[in-house]
Amino acid sequence: MSKEKVVLAYSGGLDTSVCVKWLQDEKNLDVVCVCGNVGQEETGLDAKKEKALDLGVLDCQVLDLRDEFSDEFLTKAIAANSMYENKYPLLSALSRPLLAKKLVEVAHEFGATYVAHGCTGKGNDQVRFEAAVKA
């Protein structure tokens with residue numbers, strides 16, 4: 001009997017690496033990781049993928065989302081003069097809906113039952129991911 005699958009937004013850091021093992025060991029799920037490149041530091045993405053695979057995930061997809069992020073999010077944010085509290089331009093918050101969209105696409109591709117992330121309840125990223133996934 002095959003296990004249910006979960007797609008995890010994977011940064012390659014401590015929190016999401018622990019999430020992988022927790023999902024595997026405590027929830028008995030097969031894990032598929034997704035790393036999205038939206039223009040952040042690109043070096044190390046292959047190492048993150050290797051790390052995930054070494055943890056025993058079914059797959060780790062490193063998605064190049066730079067063009068879509070630029071075309072569909074950044075240009076619109078610049079045109080709208082989107083600022084956080086009128087102090088600085090929105091940056092990482094803008095990427096969360098796109099990353100959530102890709103998580104859902106990968107979940108459909110793999111027949112996953114769940115989508116997961118490593119954001120804590122004290123930050124806004126949890127709400128951004130969960131609202132976008134639900135939408």
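The values are calculated or read from the model by the stated rules, or taken from the named source; none is laboratory data. Just so we're clear, the structure is a prediction, and the values are computed from it rather than from any experiment. Ideal geometry is used to build each Cβ from the backbone, glycine not excepted, and the neighbour counts take in all protein chains shown.
Tallying residues that are outside any helix (DSSP H, G or I) and in contact with a Leu (Cβ under 6 Å, 6 or more places away or on another chain) within region 66-93 yields 2. Within region 20-52, if we keep just the residues that are among the β-branched types (V, I, T) and free of Cβ contacts under 8 Å to residues at least 40 places away in the same chain, the residue that is farthest from D64 (Cα to Cα) turns out to be V20. Just so you know, in region 17-36 the residues that are of a type outside the set (D, E, K, R) and closer than 13 Å to V115 by Cα include one that is nearest to the chain's Cα centre (by Cα), and it is V34.
Does at least one position in region 7-20 carry a residue that is acidic (D, E), at pLDDT below 95 and in a loop (DSSP other than H, G, I, E, B)? No, every residue in region 7-20 fails to be acidic (D, E), at pLDDT below 95 and in a loop (DSSP other than H, G, I, E, B). Only one of the listed residues (G39, G123, G56, G111) is farther than 16 Å from A9 by Cβ, surrounded by fewer than 16 Cβ atoms within 10 Å (Cβ to Cβ) and under 16 Å from the mean Cα position of the chain (by Cα). That residue is G39. Cβ-Cβ below 8 Å, separation at least six or inter-chain, first residue in region 7-19 and without any contact (Cβ under 8 Å) to a residue 40 or more places away in the chain, second among the hydrophobic types (A, V, I, L, M, F, W, C): which pairs? Taking only residues 6 or more apart or on different chains, the pairs are S17/A52; S17/L55. Would you confirm whether or not region 67-86 contains a residue that is of a type in the set (D, E) and surrounded by 12 or more Cβ atoms within 10 Å (Cβ to Cβ)? Yes.
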